[in-house]
Ligand code: SF4
């Protein structure tokens, strides 16, 4: 059965992560009345869909001044579930004078799990999220959240610095004692930010070089290698006969939709919205439900590519060899990518080693 998630963007966030594919960063705030009206309307829409539906508050809900009221409204929806992913940079929470009330609002509604993302040691973490003291604040927030009686988890976001920072990561995990550890290798996504992240991407060799840490990080090598998320992994899989076109055309049973802070409702994940369905203030709920029922699942990023235009495996392997790997190209790459995209020029950037 299809499952549907609405990503409800109510507040920007406090970092500008280089790999962000959900248009994070400091951004617009949805007024409280609009948030409450949107939740009510999503509830009415969910009632008309024969799917399991949920919504997520993004990018950093704790940035919203009225988050306590919003959390209660989210939990009270009758036909749509509130999916609390709980990931936080901790910056908004630690800056709030009412942080005890915020944590109480979450805990009172049964939301007990929170997670922080770690990108390596402080210097590398702050460089990747582009915010000074971001790692120190994330750690302080994790410790504070634990004192409130909630469980804390850690998402390790693999990058090229992990082999340098692995011992520091181990020490941090021992200090925090997380209830869960997730190891993420950022996906390739059709979002301009990813060009900016490519030079920071860790290689297959450096991932394999971290074997001695897998046990403490709660990871298994076979599982880590299942996801094709470094150029080395993808080249290896293409050489073994991976058919990317077939993978992209597989039917999908999860659908992502997005509500932006101005109330616009889109089909597509945040950052890759492909069809505007209306504005939540004026939405014809029955018409929106009819259109959603016509649309296929789009959870996997393959849904956003036209498989018929994919190059053959040899050309893909050659292109992977040209992915920029020099950190000096990072900011320039994203600028060039955006300028080309705005001008409608295909973004095949040649000659970068
Ligand atoms: S990855 Fe998350 S925290 Fe980072 S910029 Fe994007 S939305 Fe914000």
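Every number in this text was worked out from the coordinates using simple rules, so none of it is lab data. Predicted model, so just to flag it, every value in this text is computed and none were measured. All Cβ positions, glycine included, derive from the backbone under ideal geometry; neighbour counts span all protein chains shown.
Things worth noting here:
- Ranked 20, 229, 68, criterion: other C-beta atoms within 10 Å, fewest first: 68, 229, 20
- Ranked by how many other Cβ atoms sit within 10 Å of their own Cβ, fewest first, the residues 180, 301 fall in the order 180, 301.
- 124, 119 arranged by Cβ crowding within 10 Å, fewest neighbours leading: 124, 119
- Spacing of the two label points (7 Å from each Cα toward its C-beta) at residue 85 and residue 48, in nm: 2.7
- Full extension of the chain between residue 164 and residue 72 yields a length gain of 28.8 nm, computed as 0.36 nm times the residue separation minus the alpha carbon distance.
- In the chain, the DSSP-assigned H stretches of four residues or longer account for a calculated mean residue ellipticity at 222 nm of -11500 deg cm²/dmol, using -39500 (n - 2.57) per stretch and the full residue count as denominator.
- The chain - share of DSSP beta bridges that are antiparallel (%, nearest 5): 25
- Estimated FRET transfer efficiency (residue 309, residue 184; beta-carbon r; R0 25 Å; 0.05): 0.30
- Residue 274/residue 216 FRET efficiency (R0 45 Å; Cβ-Cβ; nearest 0.05): 0.65
- Working from label points 7 Å from Cα in the Cα-to-Cβ sense, the residue 171 to residue 130 distance is 3.0 nm.
- Placing pseudo-labels 7 Å out from each Cα toward the beta carbon at residue 249 and residue 112 gives an inter-label distance of 4.8 nm.
- Highest-first arrangement of 80-89, 277-286, where packing means the average Cβ count within 10 Å: 80-89, 277-286
- Net length gained if the chain between residue 101 and residue 226 were fully extended (0.36 nm per residue, minus Cα distance): 40.9 nm
- Over all orientations, segment 1-70 has a Cα convex hull whose mean projected area works out to 5.4 square nanometres.
- The convex hull built on the alpha-carbon positions of the chain has an orientation-averaged projected area of 17.9 nm².
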